[in-house]
1. Name the single residue, out of those in region 43-69 being among the aliphatic types (A, V, I, L, M) and part of a helix (DSSP H, G or I), that is surrounded by the most Cβ atoms within 10 Å (Cβ to Cβ).
2. Working only within region 137-168, note down all residues that are among the polar types (S, T, N, Q) and touching a residue at least 40 places away in the same chain (Cβ under 8 Å).
3. Just name the residue that is nearest to K164 (Cα to Cα) out of those in region 26-78 that are acidic (D, E) and without any contact (Cβ under 8 Å) to a residue 40 or more places away in the chain.
4. Hey, any hits in region 150-161 for a residue that's of a type outside the set (D, E, K, R), touching a Lys or Arg at 6+ places or on another chain (Cβ under 7 Å), farther than 15 Å from Q82 by Cβ and part of a strand (DSSP E or B)?
5. Please give the number of the condition W40 fails out of (1) at pLDDT 85 or above; (2) crowded, with 19+ Cβ neighbours inside 10 Å; (3) within 14 Å of the chain's Cα centre (by Cα); (4) closer than 16 Å to L149 by Cα.
6. Regarding region 72-80, can at least one residue be identified that is assigned to a strand (DSSP E or B), among the small types (G, A, S) and touching a helix residue (DSSP H, G or I) at 6+ places or on another chain (Cβ under 9 Å)?
7. Only one of D90, D129, D158 is of a type in the set (D, E) and more than 30 Å from G38 (Cα to Cα). Can you tell me which?
8. Taking region 70-94, which residues are surrounded by fewer than 19 Cβ atoms within 10 Å (Cβ to Cβ) and within 13 Å of K169 (Cβ to Cβ)?
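The values are calculated or read from the model by the stated rules, or taken from the named source; none is laboratory data. Just so you know, these numbers come straight off a predicted model, no measurement behind them. Ideal geometry is used to build each Cβ from the backbone, glycine not excepted, and the neighbour counts take in all protein chains shown.
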Amino acid sequence: MKKQIYFLLIALATATLFSCSPREVTRVNPNETIDLSGRWNSTDAQQTADAMISQILNERWLSNFQDENSNAKPVVIVGFVQNKTHEHIDSEVFVRNLEKEFVNSGRVKLVQGGEKREAIRGERADQQDYSSPETISKWGREVGADFILQGDMTSIVDTYKKEKVIFYKVNLQLTNMETNEVVWIGDKEIKKYVNK
């Protein structure tokens, strides 16, 4: 019994010693690709957003719209991108990258949608009661979207023993809000080989 207690104390002391060792954290360049697990990560989100923006801004729908509307910039709302992958992926990271690239391109106008639009409307409602009359944002002056961008993210996983191949595909569609016509379809594929 004394031997068991002695070994138990040694095991606890060893566990405590190793659990208290300092963790090392190193700052890295945000653009550096670091793929620890093989799962979807920030690099995948940025590469996908870059590829999609390059595709969407260089397709016919944009020049067609400008030809029909005196060279005006189309107004786009980025809708929901549904995660249908095997992982929990926060698609907001990808969506924010898309929105940033739309705005920075200067070729389209971007309007808020969903929860953010509702929050803005709530703030506008508060202004009606609490702001001075000359600074109130007026109702009924929102810019309507000409197009909505929506899509989904899917994945396929193939495993054999200690090897794994993960295939991701992001599909996006741009739809005319007035006519429901799909004016652009694009996709980006990412394939990863993981050797455990």
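1. We begin by selecting, within region 43-69, every residue among the aliphatic types (A, V, I, L, M); these are 45, 49, 51-53, 56-57, 62.
Add one more test, that the residue is part of a helix (DSSP H, G or I), and what stays is 45, 49, 51-53, 56, 62.
On the way: A45: 22, A49: 22, A51: 16, M52: 22, I53: 21, I56: 25, L62: 19.
Selected residue: I56.
2. If we filter region 137-168 for residues that are among the polar types (S, T, N, Q), which is where we start, we get 137, 150, 154-155, 159.
Residues satisfying the conditions are Q150, T154, S155.
3. Looking only at region 26-78, we keep the residues that are acidic (D, E), and these are 32, 35, 44, 50, 59, 67-68.
Those left that are additionally without any contact (Cβ under 8 Å) to a residue 40 or more places away in the chain: 32, 67-68.
Details: E32: 23, D67: 48, E68: 49 Å.
Among those that are acidic (D, E) and without any contact (Cβ under 8 Å) to a residue 40 or more places away in the chain, it is E32.
4. First pass over region 150-161, keeping only residues of a type outside the set (D, E, K, R): 150-151, 153-157, 159-160.
When the remaining residues are screened for being touching a Lys or Arg at 6+ places or on another chain (Cβ under 7 Å), the result is 153-154, 157.
Filter once more, so that each one left must be farther than 15 Å from Q82 by Cβ: 157.
The next check asks that each one be part of a strand (DSSP E or B); those that pass are 157.
Yes, that holds for at least one residue.
5. The one condition W40 does not meet is (4).
6. Initially, region 72-80 is screened for residues assigned to a strand (DSSP E or B), giving 75-80.
Going one step further and asking which of them are among the small types (G, A, S), we end up with 79.
Then keep just the ones that are touching a helix residue (DSSP H, G or I) at 6+ places or on another chain (Cβ under 9 Å); that gives 79.
Scanning region 72-80, I find at least one residue that is assigned to a strand (DSSP E or B), among the small types (G, A, S) and touching a helix residue (DSSP H, G or I) at 6+ places or on another chain (Cβ under 9 Å), so the answer is yes.
7. Details: D90 fails: more than 30 Å from G38 (Cα to Cα); D158 fails: more than 30 Å from G38 (Cα to Cα).
Residue meeting the stated conditions: D129.
8. Q82, N83, K84, H86
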